Amino acid sequence: RNLIVPGIALAALPHFAVDPGMIREAVLTLALPSNAMCTILALRYRKAESEMTSTLFLGNAVSVATVGAFIWLTG
């Protein structure tokens, strides 16, 4: 998710006459991990807590590299 969605945006948005600054902001926003809500719900309802917290940790750890790569690509 951290690579595919922002990669698609980076490839598709220039074809729609979008301002380069807006493309950069959109791609970097999409590269951020977004699984915190899943972890909150898992802890609240006590379902798949360890899986969701592991996913949150892994997503944040991987995002250091992926966000850095997308900053470099859009810079």
Exercise. Taking the chain as a Gaussian network, where each spring joins two C-alpha atoms under 10 Å apart, which residue of 26, 42, 17 fluctuates the most?
Worked result: 17
Exercise. Got a number for the accessible area of residue 1? Probe 1.4 Å, square angstrom, nearest 10.
Worked result: 120 Å²
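What full-extension length gain, to one decimal in nm, is calculated for residue 11 and residue 53 as 0.36 nm per residue of separation minus the Cα-Cα distance?
12.0 nm
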Seminar exercise, completed: Given the candidates 58, 20, 42, the one whose Cα lies deepest towards the positive end of the charge dipole of the chain, counting +1 at each Lys or Arg C-beta and -1 at each Asp or Glu C-beta, is 42
For this session: Roll a 1.4 Å probe over the protein chains and send me the accessible area per residue for the chain in Å².
Result: 71 Å²
Exercise. Taking only C-alpha pairs under 8 Å that are 6+ residues apart, what is the relative contact order of the chain in percent?
Worked result: 37 percent
Problem set entry | Residue-averaged 222 nm ellipticity for the chain, from DSSP H runs of 4+ at -39500 (n - 2.57), nearest 500 | -24500 deg cm²/dmol
Exercise. With springs only between Cα atoms under 10 Å, which of 41, 56, 13 fluctuates most in a Gaussian network model of the chain?
Worked result: 41
Seminar exercise, completed: For the pair residue 22 and residue 38, the simple spin-label estimate (label points 7 Å beyond Cα toward Cβ) gives in nm 3.0 nm
Exercise. Quick one: putting +1 on the C-beta of Lys and Arg, -1 on the C-beta of Asp and Glu, what dipole do you get for the chain around its Cα centre, in Debye to the nearest 20?
Worked result: 240 debye
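The values are calculated or read from the model by the stated rules, or taken from the named source; none is laboratory data. Source: prediction; values computed, not measured. Methodologically, a virtual Cβ is constructed for each residue, glycine included, from the backbone with ideal geometry; neighbour enumeration extends over all protein chains shown. When the accessible area is computed, the model is the full protein with side chains, heavy atoms only, and any ligands, DNA or RNA have been set aside. Shrake-Rupley method; radii C 1.70, N 1.55, O 1.52, S 1.80 Å.
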